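What follows is a set of notes on a single structure, which appears directly below.
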Amino acid sequence: MKRKDHPSYWSYVAMLQRCTNPKHEHYADYGGRGITVCERWQASFDDFDADMGARPSPKHSLERRDTDGGYEPGNVRWATAKEQAFNRRNNRRVVYDGRAWLNSELAEHVGLAPGTLDNRLKKGWGVQRAISTPSAGRVAPGQFQWGGRRWLQSELAQHLRIPLGTLKQRIRLGKALDAPYTPRKTLA
């Protein structure tokens, strides 16, 4: 196999360019701020390949675990764009329900757009207010406004003690959500 056909080769070349070529469009975010490539990898694609292995899929690219650290064994892994989104320098973290969350992770968990949560927190809102206030009259997918508050559909189904499918059917048909639930009898 020619090097240019190797699954990891172009990731390797891009890594070197970002860190060593001042004319590269992303140099300022990498080499320009001191991100380096270890000597072993600079000297040899084969050594890089031996340490990293082949790129698992076209959706994977190189990620540095420590975003201020260099490209070197132990600090680099193959990751998808979604995995990398949780390890960005500009990620904000909050504590909610006794756990540390990335803003984007918490927003996804409660059904808010990440930008909405970020903007509310930048305005000085508390976490509880930021996640419990409906967005401009809209309810995010998977959520429902009922009883004066916004619910994840799965939480509301649990609260009402009905199956999630029954809740979704009642929403779709415009039926009362808190109507008594009678399980269907099965034929034996």
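The values are calculated or read from the model by the stated rules, or taken from the named source; none is laboratory data. Keep in mind it's a predicted model, so treat the numbers as computed, not measured. Neighbour counts are summed over all protein chains in view; Cβ atoms, including those assigned to glycine, are modelled from backbone coordinates with ideal geometry.
For the range 28-39, indicate whether the set of residues that are β-branched (Val, Ile, Thr) and not in a strand (DSSP E or B) is non-empty.
Checked against the condition, which is being β-branched (Val, Ile, Thr) and not in a strand (DSSP E or B), the range 28-39 yields at least one hit.
Just to verify a result, which residue in the range 71-96, among those that are among the hydroxyl-bearing types (Ser, Thr, Tyr) and in the same structural domain as GLY53 (by TED's automatic domain parsing), is modelled with the lowest pLDDT?
Looking at residues that are among the hydroxyl-bearing types (Ser, Thr, Tyr) and in the same structural domain as GLY53 (by TED's automatic domain parsing), I get THR80.
Please go through the range 94-127 and give me each residue that is surrounded by fewer than 17 Cβ atoms within 10 Å (Cβ to Cβ) and part of a loop (DSSP other than H, G, I, E, B), ordered by number.
Matches in the range 94-127: ASP97, GLY98, ALA113, LYS123, GLY124, TRP125, GLY126.
Somewhere in the range 50-65, is a residue over 30 Å from GLY34 (Cβ atoms), modelled with pLDDT of 75 or more and among the hydrophobic types (A, V, I, L, M, F, W, C)? Don't jump to the end; show me each part of the working.
Initial filter on the range 50-65 (over 30 Å from GLY34 (Cβ atoms)): 57.
With modelled with pLDDT of 75 or more added as a condition, the list becomes 57.
With among the hydrophobic types (A, V, I, L, M, F, W, C) added as a condition, the list becomes none.
The answer is no; no qualifying residue exists.
Closer than 24 Å to GLU83 by Cα, touching a helix residue (DSSP H, G or I) at 6+ places or on another chain (Cβ under 9 Å) and loosely packed, with under 14 Cβ neighbours inside 10 Å: is that true of LYS59 in this structure? Walk me through it before giving the result.
Details: closer than 24 Å to GLU83 by Cα: yes; touching a helix residue (DSSP H, G or I) at 6+ places or on another chain (Cβ under 9 Å): yes; loosely packed, with under 14 Cβ neighbours inside 10 Å: yes.
Yes; evaluated as a whole, the condition is true for this residue.
Quick check on this structure: which one of ARG55, ARG40, ARG65, ARG93 is over 23 Å from the mean Cα position of the chain (by Cα) and either within 30 Å of LEU121 (Cα to Cα) or of a type in the set (Lys, Arg) (or both)?
Details: ARG55 fails: over 23 Å from the mean Cα position of the chain (by Cα); ARG65 fails: over 23 Å from the mean Cα position of the chain (by Cα); ARG93 fails: over 23 Å from the mean Cα position of the chain (by Cα).
Residue meeting the stated conditions: ARG40.
Can you name every residue in the range 40-51 that is of a type in the set (Gly, Ala, Ser) and not in a loop (DSSP other than H, G, I, E, B)? Walk me through it before giving the result.
First, the residues of the range 40-51 that are of a type in the set (Gly, Ala, Ser): 43-44, 50.
Result: ALA43, ALA50.
Can you pull out the residues in the range 23-68 that are in contact with a Cys (Cβ under 8 Å, 6 or more places away or on another chain) and polar (S, T, N, Q)?
THR36
Answer with yes or no whether VAL13 is at pLDDT 90 or above and either out of contact with any Phe, Trp or Tyr (no Cβ under 8 Å at 6 or more places or on another chain) or in the same structural domain as GLN128 (by TED's automatic domain parsing) (or both). Explain how you work it out, then say what you get.
Working: at pLDDT 90 or above: yes; either out of contact with any Phe, Trp or Tyr (no Cβ under 8 Å at 6 or more places or on another chain) or in the same structural domain as GLN128 (by TED's automatic domain parsing) (or both): yes.
Against the criterion (at pLDDT 90 or above and either out of contact with any Phe, Trp or Tyr (no Cβ under 8 Å at 6 or more places or on another chain) or in the same structural domain as GLN128 (by TED's automatic domain parsing) (or both)), VAL13 qualifies.
Look through GLY124, GLY115, GLY148 and report the one residue that is at positive phi and modelled with pLDDT of 75 or more.
Working: GLY115 fails: at positive phi; GLY148 fails: modelled with pLDDT of 75 or more.
Only one candidate passes the filter, namely GLY124.
Can you tell me which condition ALA54 does not meet? The list is (1) touching a Ser or Thr at 6+ places or on another chain (Cβ under 7 Å); (2) in a helix (DSSP H, G or I), and all the others hold.
Failing condition for ALA54: (2).
Kindly indicate the residue of the range 167-188 that is hydrophobic (A, V, I, L, M, F, W, C), loosely packed, with under 10 Cβ neighbours inside 10 Å and in a loop (DSSP other than H, G, I, E, B) and also modelled with the highest pLDDT among those meeting that condition.
Looking only at the range 167-188, we keep the residues that are hydrophobic (A, V, I, L, M, F, W, C), and these are 167, 171, 173, 176-177, 179, 187-188.
The next check asks that each one be loosely packed, with under 10 Cβ neighbours inside 10 Å; those that pass are 173, 176, 187-188.
Okay, now just the ones that are also in a loop (DSSP other than H, G, I, E, B), so 176, 187-188.
On the way: ALA176: 78, LEU187: 61, ALA188: 54.
Of everything passing the filter in the range 167-188, ALA176 is modelled with the highest pLDDT.
Against the definition (under 29 Å from GLU105 (Cβ atoms), loosely packed, with under 13 Cβ neighbours inside 10 Å and acidic (Asp, Glu)), how does ASP66 come out, yes or no?
Working: under 29 Å from GLU105 (Cβ atoms): yes; loosely packed, with under 13 Cβ neighbours inside 10 Å: yes; acidic (Asp, Glu): yes.
In short, yes.
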